[in-house]
Every structure is written in structure tokens, then in C-alpha cells.
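Trainee: Handing you this structure, nothing more for now.
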Amino acid sequence: MMAPAPCRQILLLAATATFACSATPADPVEELRTELESAAEARDAERFAEGLSETFRGPRGLDRAEALATLRRYFAAYESVSLEVYGVEVERETASARVRCVVEFAGRARQLGGLRGLLPPAAVYRFDLGVADEAGVWRVREASWEMVRPDDVG
């Protein structure tokens, strides 16, 4: 049996209001951060590269090409990678943001030529990222990081 017209309209309005309230706009900075985390855990350097600006700059003049070459080597050296990201702080401008966070890395090195003894199974880093909207796509333009002791993170 079909509901009377006024009842159907109320149900339709309620469904629309529920959808509108639950469909909060996506946060592009958070989407970028989670996509980079997922790409790293998948050990997918090419996917990770999509989140880096063509003009990317890292510590000591590291450019995008060097950063990707380094990632490829590390990802190839590990069988598995897992990250825990916390302490995320975001300072927003109109089309850019500064993101600071702590990343706990854990990985299992491949058993090739003694890699297991050379590569750390775990580490903690503090990151500072400059991200910006580049023609509708948010990317990392600059990054710095430092290894920290787990006890030093708060």
C-alpha cells in the first residue's frame, strides 16, 4: 500500500535531509594524507607520486625525482609496510595548508642479501608538509622530517 501524498513528501524530505547531513564535504587535505598513507602501505611509489607536486622539494634540496627513486628502493626492500599516523595538526589558508604529524613506521624487510639486518623494522618520524591545491588536486609541495624517539613524541 502506498503512503498518502503528504506522507510521501515528508518521507522524501526526511530522506533528503538525512542524506544532506551525512554527506559532509570531503576534506581534501585529509584525503591527501590518507591516500599517501595507503600508497605507502601498499608500497606503491607511482601511486604515492600522484600526491607529490611536480615542484616538490624536500630536505637538502631533494626533488620529486630523487624522492620517488628513494621510495622505490625502500618499497622494494620491504615485504610489508605499516604506518600509524597521529598528532595531526593542520593550519589552513585558502588554497594551501601546513600539515604536521607523527608517523610510526613498521616494516618487514625482504630476506635478500642481508637486508633484514640493514633496514630498521620500526622507526618514528615527525613530518612537516606544505600542501596546496594545484588546479583542483591537492599535492605535497614541500616536506621535511626528522626521526624521533618514541618517548619524545607527545
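The values are calculated or read from the model by the stated rules, or taken from the named source; none is laboratory data. As the structure is a prediction and not an experimental result, all values here were calculated from the model. Positions of Cβ are backbone-derived with ideal geometry, glycine not excepted, and every protein chain shown enters the neighbour counts.
Trainee: Taking the residues in segment 123-147 that are among the β-branched types (Val, Ile, Thr) and surrounded by 14 or more Cβ atoms within 10 Å (Cβ to Cβ) as candidates, determine which candidate is nearest to Cys101 (Cα to Cα).
Mentor: Val124
Trainee: Output the residues belonging to segment 74-92 that are in contact (Cβ under 8 Å) with a residue 12 or more places away in the chain and of a type in the set (D, E, K, R).
Mentor: Within segment 74-92, Glu79, Glu84, Glu89, Arg92 qualify.
Trainee: Among (1) farther than 25 Å from Ala26 by Cβ; (2) not in a strand (DSSP E or B); (3) not aliphatic (A, V, I, L, M), there is one condition Thr94 misses while meeting the rest; what is its number?
Mentor: Exception for Thr94: condition (1).
Trainee: Please tell me if Glu35 is in a helix (DSSP H, G or I), surrounded by 15 or more Cβ atoms within 10 Å (Cβ to Cβ), at pLDDT 95 or above and charged (D, E, K, R).
Mentor: Yes, satisfied.
Trainee: Ala40 - would you say it is in a helix (DSSP H, G or I) and surrounded by 13 or more Cβ atoms within 10 Å (Cβ to Cβ)?
Mentor: Yes.
Trainee: Based on this model, can you work out whether Phe56 counts as modelled with pLDDT of 95 or more and part of a strand (DSSP E or B)?
Mentor: For Phe56, the condition - modelled with pLDDT of 95 or more and part of a strand (DSSP E or B) - is met.
Trainee: Sticking with this structure for a sec: Within segment 76-83, can one find any residue that is in contact with a strand residue (DSSP E or B) (Cβ under 8 Å, 6 or more places away or on another chain), of a type in the set (S, T, N, Q) and modelled with pLDDT of 95 or more?
Mentor: No, every residue in segment 76-83 fails to be in contact with a strand residue (DSSP E or B) (Cβ under 8 Å, 6 or more places away or on another chain), of a type in the set (S, T, N, Q) and modelled with pLDDT of 95 or more.
Trainee: Then there's this: What is the residue count in segment 51-75 for residues that are touching a Lys or Arg at 6+ places or on another chain (Cβ under 8 Å) and surrounded by fewer than 15 Cβ atoms within 10 Å (Cβ to Cβ)?
Mentor: Qualifying residue count for the region: 3.
Trainee: Right, next: Looking only at segment 111-119, decide whether some residue is modelled with pLDDT under 95, closer than 18 Å to Leu71 by Cβ and either surrounded by 14 or more Cβ atoms within 10 Å (Cβ to Cβ) or in contact with a His (Cβ under 8 Å, 6 or more places away or on another chain) (or both).
Mentor: yes
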